[in-house]
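The values are calculated or read from the model by the stated rules, or taken from the named source; none is laboratory data. Predicted model only: the values in this text are computed from it and were never measured. Methodologically, a virtual Cβ is constructed for each residue, glycine included, from the backbone with ideal geometry; neighbour enumeration extends over all protein chains shown. Surface areas here come from the heavy atoms of the whole protein model, side chains and all, with no ligands, DNA or RNA. Shrake-Rupley method; radii C 1.70, N 1.55, O 1.52, S 1.80 Å.
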Amino acid sequence: DVRRDLAAADIVVPSLDAPDTVLFECVNRPHADLSFTEIVDGMVAFRESFEGQIWLEAMLLGGLTGVVDVVRRLAEIAAHIAPDRIQLNTAVRPPAEPSTRAVAPDEMRSFAALFTPVAEVIARSTLVVDDLDAGPDDVLALVSRRPCTMADIASGLGIHHGEALKLVVALTETGAIETSIHDGRQFYAATAPVTHSLTEEAP
């Protein structure tokens, strides 16, 4: 049912935070009816039929899943799923469990190289500035000054990467933003100079 409902999407961003059932239950605390194997098999099946892009996100936790052997196993599963992009995250906001630790930036970069394709570290872009609300106008103002990656937009506006993605996709669909590829990275830019607010009502 989920695969059918997502079939019309342009980009789907699923999460894979562990390489086995034990770690999956520890990190994600899933409902008892959810099976790690079935979830992975579902991602693989979805990849085979989905015509859009899949950006797989993995959350690595220091001392638990942010360990070389665990990351290597996670990378093997990710390669089997065959996403278009892989994005690595870690705990950058106060966690529910005091024992949860973030993975150091240099380790994140090292882990990124273990994935195929090489993963993008997005942890820094998820730092959220309290009480800062960003909307379409803010994104347009940013990308009108210079082309930005998704991570640039999230970091520049102080919003979560997922929220930046929603805003960018909506603006792309309206034609306000155009995309380009440079050195294997996707950039977003305004299609025309920003002269007024998208939310401004006509007189």
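Go through (1) surrounded by fewer than 17 Cβ atoms within 10 Å (Cβ to Cβ); (2) at pLDDT 90 or above; (3) of a type outside the set (Phe, Trp, Tyr) for residue 135 and report which single condition fails.
Evaluating residue 135 over (1) surrounded by fewer than 17 Cβ atoms within 10 Å (Cβ to Cβ); (2) at pLDDT 90 or above; (3) of a type outside the set (Phe, Trp, Tyr) leaves (2) as the failure.
Just one of 42, 52, 63 is open to solvent by less than 80 Å² (accessible area, probe 1.4 Å), more than 20 Å from the chain's Cα centre (by Cα) and not polar (S, T, N, Q); which is it?
Numbers: 42 fails: more than 20 Å from the chain's Cα centre (by Cα); 52 fails: more than 20 Å from the chain's Cα centre (by Cα).
The conditions single out 63.
Would you pick out the residues in segment 177-188 that are open to solvent by 20 Å² or more (accessible area, probe 1.4 Å) and either part of a strand (DSSP E or B) or modelled with pLDDT of 90 or more (or both)? Spell out how you get there, then give the answer.
Just the residues of segment 177-188 that are open to solvent by 20 Å² or more (accessible area, probe 1.4 Å), to begin with: 178-187.
Selection gives 178, 179, 180, 181, 182, 185, 186, 187.
Please go through segment 134-146 and pick out each residue that is within 19 Å of the chain's Cα centre (by Cα) and part of a loop (DSSP other than H, G, I, E, B).
Passing the criteria: 134, 135.
So which residues in segment 66-78 are hydrophobic (A, V, I, L, M, F, W, C) and open to solvent by 50 Å² or more (accessible area, probe 1.4 Å), if there are any at all?
Of all residues in segment 66-78, those hydrophobic (A, V, I, L, M, F, W, C) come to 67-68, 70-71, 74-75, 77-78.
Those that are hydrophobic (A, V, I, L, M, F, W, C) and open to solvent by 50 Å² or more (accessible area, probe 1.4 Å): 67, 68.
Does segment 92-103 contain any residue that is modelled with pLDDT of 90 or more and either loosely packed, with under 14 Cβ neighbours inside 10 Å or within 14 Å of the chain's Cα centre (by Cα) (or both)?
Here is the first cut: in segment 92-103, the residues modelled with pLDDT of 90 or more are 103.
Filter again for either loosely packed, with under 14 Cβ neighbours inside 10 Å or within 14 Å of the chain's Cα centre (by Cα) (or both), leaving none.
No, every residue in segment 92-103 fails to be modelled with pLDDT of 90 or more and either loosely packed, with under 14 Cβ neighbours inside 10 Å or within 14 Å of the chain's Cα centre (by Cα) (or both).
For segment 66-91, what are the residues that are under 17 Å from the mean Cα position of the chain (by Cα) and closer than 15 Å to residue 17 by Cβ? Reasoning before the result, please.
Start the filter on segment 66-91 by keeping residues that are under 17 Å from the mean Cα position of the chain (by Cα), which leaves 74-75, 78-79, 81-91.
Passing the criteria: 74, 75, 78, 81, 83, 86, 87, 88, 89, 90, 91.
Output the qualifying pairs, or none if there are none: Cβ atoms under 6 angstrom, residues six or more apart or on different chains, first residue in segment 177-203 and farther than 22 Å from residue 86 by Cα, second residue at pLDDT 75 or above and among the aromatic types (Phe, Trp, Tyr).
177/188
Hey, can you tell me all the residues within segment 137-151 that are in contact (Cβ under 8 Å) with a residue 12 or more places away in the chain and farther than 16 Å from residue 55 by Cα? Talk me through it step by step, then tell me what you get.
Our first condition is that a residue be in contact (Cβ under 8 Å) with a residue 12 or more places away in the chain; within segment 137-151, this holds for 137-144, 146-151.
137, 138, 139, 140, 141, 142, 143, 144, 146, 147, 148, listed by residue number.
Can you tell me which residues in segment 19-39 are acidic (Asp, Glu) and either buried (at least 16 other Cβ atoms within 10 Å of the Cβ) or within 29 Å of residue 106 (Cα to Cα) (or both)?
Step one: list which residues in segment 19-39 are acidic (Asp, Glu), which gives 20, 25, 33, 38.
Result: 20, 25.
Enumerate the pairs (first residue in segment 26-44 and polar (S, T, N, Q); second residue anywhere and in a helix (DSSP H, G or I)) with beta-carbon separation below 9 Å, excluding pairs fewer than 6 apart on the same chain, so at least 6 apart or on different chains.
28/36; 35/21; 35/41; 37/21
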